[in-house]
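Q: Okay, handing you the structure first.
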Amino acid sequence: MAPQLLRQLNGERAVVLLYVVRIIFSIPFSLLPEAFSLSLLFLLALCVEISVDDASNPLSLFFRTRPGASSGVLLGAVTLPGLLVSKLVQTSRAITLEEVGIEEFEYLKSQYWAASSSCVAVLIFLSLVCQHQGKSKSKTSISSLSSRNQIYSSICVIFFVGSGLVSLSGKLYGGWAPVLVSLWVLGHGWAAVTLIQKILETFPACASIGESLLVTTGLVLYFGDMMAYTTSKISYLASSDALFIQNGINRSEISTIIQGMIFGLLLFPVFYKYVLRMVEYCVSSENTTDLGNHEKRRSLVFYAILTFVLVAVVPSWMQLVHAFHMHPLLWVIDFVLSEPLKRLTLCVYWLVIISVSVRRFYSISKNSKTERILLRKYYHLMAVAIFVPALIFQPKFLDLSFGAALAVFLLLETIRIWKIWPLGHLVHQFMNAFTDHRDSDLLVVSHFSLLLGCAIPIWLASGFTDRPLAPFAGILSLGIGDTMASMVGHKYGVLRWSKTGKKTIEGTAAGITSVLAACFVLLPLLAATGYIFTMVSLSYHWFSLIVAVTTSGLLEAYTAQLDNAFIPLVFYSMLCL
């Protein structure tokens, strides 16, 4: 089975295999079910990707994906589960050192199985779609390889379910709790299948299947965690054994505020759409043809609902799940002013860099022939200048600032998509100056992927971390590695990795070398500033670091997916090992 599938490896698939193998060989014996399931997930995703990319079964008849991109099923399916396994490995070390409790370990394990079941459910769905596509054709176009892939997929699913049942029957559960947890995990799979269809139908030609799968898994995991967190705070359910793990997790005020704010902004367009329909139905009797009044009425409804959601609904949830002693918005102000000199100075520093850079880059984009791909890399360098000092000296404030920036991006993108007066046209015109082939008029995602690519490693490392470079994974891989690879490859690149691709060997070598050089400079700097408190933290395994940097660099060279989304997660996962 495996040798036949491995012969189907191309550059991107080979890099993903290296990523999975590196994780599996770092897993302790206590995580054997997770290691086995991750290998099964890889084989299942490989089978499905081969079937999806088969010319006889194009999914383009079923879904409109981003033009020019491969399906990316394999990379999208294993990235987030691989990251969670890496966190499990890191947390197992923390338990040995008595830095964290067993509850956090079991919580991460349940998160891994929820993410994996989401990916498996989507893979089964894609496999069924491919099978239906093949049967609907008059030709006998399904190759023997695709037929074998269906058999291999079935075997992988059966063994995957078995390993999940073994792992979830943990010591912290009792009575009916394992059944409830298993049903909860399966619910993530159902939600993932529903959500990925909705994403691909609502935003056609905006993302590949792999990119949609990554977003789907992340959102399902995010909202599932939020539902469990909320349920665990309800008095008559709080004593349930199945919620014991949720009660054992300590969550900060900052993480609660970010989670609630993002949740409100993501659900806000749904409420806005239905309320707007009701308002337009009520005023339809006027039969007015004044487009100006119509736009202003839509805008008034938009801003009124937005204010209600952010000031009343979202803070109410925050106070339900966390013991805030004041309104959460007042807590944010109090947090910022608790160290006014440092935090307000940092805000001024950020505003100066952003205003000067954005005005300069916008002017260049309108008046020069500089390629947009290179122009966008200047924003990656700007991210290094903005985030590195804050991460070293004010990490908690940076966590909150990332959440605020993400909320602003979501709000502006909502205003742009709905064409809300008076900012909708201005935001759309400004964003068009920086879009490329991976963006569309319907959805602009590059700025989201850059922000989240830098933020997610920092958020994930906000608890225990014994790998000092892990929080810098996004900044190093995107701000330095990706930027140097693009600039050097564009100017000096001659040898290409493939005949059809644009990535060059010279650019990849420059990206890998620049990240390694930055790591060599950054570690002593972290020690000098007190970010690393003991010399034990500096005993980094340089061979493992080289493998991590090389793997992420090769992924940037081979993948046709949105590299801002995948490379930081892969790099962070390997740094945690």
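Taken together, the values in this text are just the output of simple stated rules run on the coordinates, not laboratory data. Since the structure is predicted, the reported quantities are computational estimates derived from the model, not experimental observations. Cβ: placed from backbone, ideal geometry, glycine included. Neighbour counts: every protein chain shown.
Q: Taking 0.36 nm per residue of sequence separation and subtracting the Cα-Cα distance, how much length would be gained by fully extending the chain between residue 300 and residue 99, in nm to one decimal?
A: Values: separation 201, 0.36 × 201 = 72.36 nm, distance 5.09 nm.
Residue separation times 0.36 nm, minus the Cα-Cα distance, leaves 67.3 nm.
Q: Label-point separation (nm) for residue 312 and residue 335, each offset 7 Å from Cα along Cα-to-Cβ?
A: 2.5
Q: By average Cβ neighbour count within 10 Å, what is the ranking of 446-453, 38-45 from highest down? Spell out each step's value before the answer.
A: Values: 446-453: 21.0, 38-45: 24.1.
Packing order, densest peptide first, comes out as 38-45, 446-453.
Q: If you don't mind, another one. If packing is taken as the mean number of other Cβ atoms within 10 Å per residue, what is the order of 79-91, 12-24, 404-416, 339-351, highest first?
A: Values: 79-91: 24.7, 12-24: 20.3, 404-416: 17.9, 339-351: 13.2.
Taking the mean over residues of other Cβ atoms within 10 Å, the ranking is 79-91, 12-24, 404-416, 339-351.
Q: Checking the a/c ratio against 1.5 first, then a/b against b/c, what shape does the Cα gyration tensor give for region 439-507? It would help to have the intermediate numbers written out before the result.
A: Numbers: a/c = 3.21, a/b = 1.52, b/c = 2.11.
Cα axes put region 439-507 in the oblate bin.
Q: So the label point goes 7 Å from the Cα of residue 496 along Cα→C-beta, right? Which residues of region 65-88 then have their backbone N under 13 Å from it?
A: Answer for region 65-88: none.
Q: Another question, if that's okay. Amide H of residue 496 versus every other amide H placed in the peptide plane: which residues, excluding those fewer than 5 positions away on the same chain, fall under 5 Å?
A: Sorted by chain and number, the residues that satisfy this are 505.
Q: So, one more: So if each residue of separation counts as 0.36 nm, and I subtract the Cα-Cα distance between residue 347 and residue 230, what length gain in nm does that give? Spell out each step's value before the answer.
A: Details: separation 117, 0.36 × 117 = 42.12 nm, distance 3.26 nm.
Net length gain for the segment: 38.9 nm.
Q: Separate question: Using 0.36 nm per residue, how much length does the chain from residue 357 to residue 378 gain when fully extended, once their Cα-Cα distance is taken away?
A: Full extension of this stretch gives 6.7 nm more.
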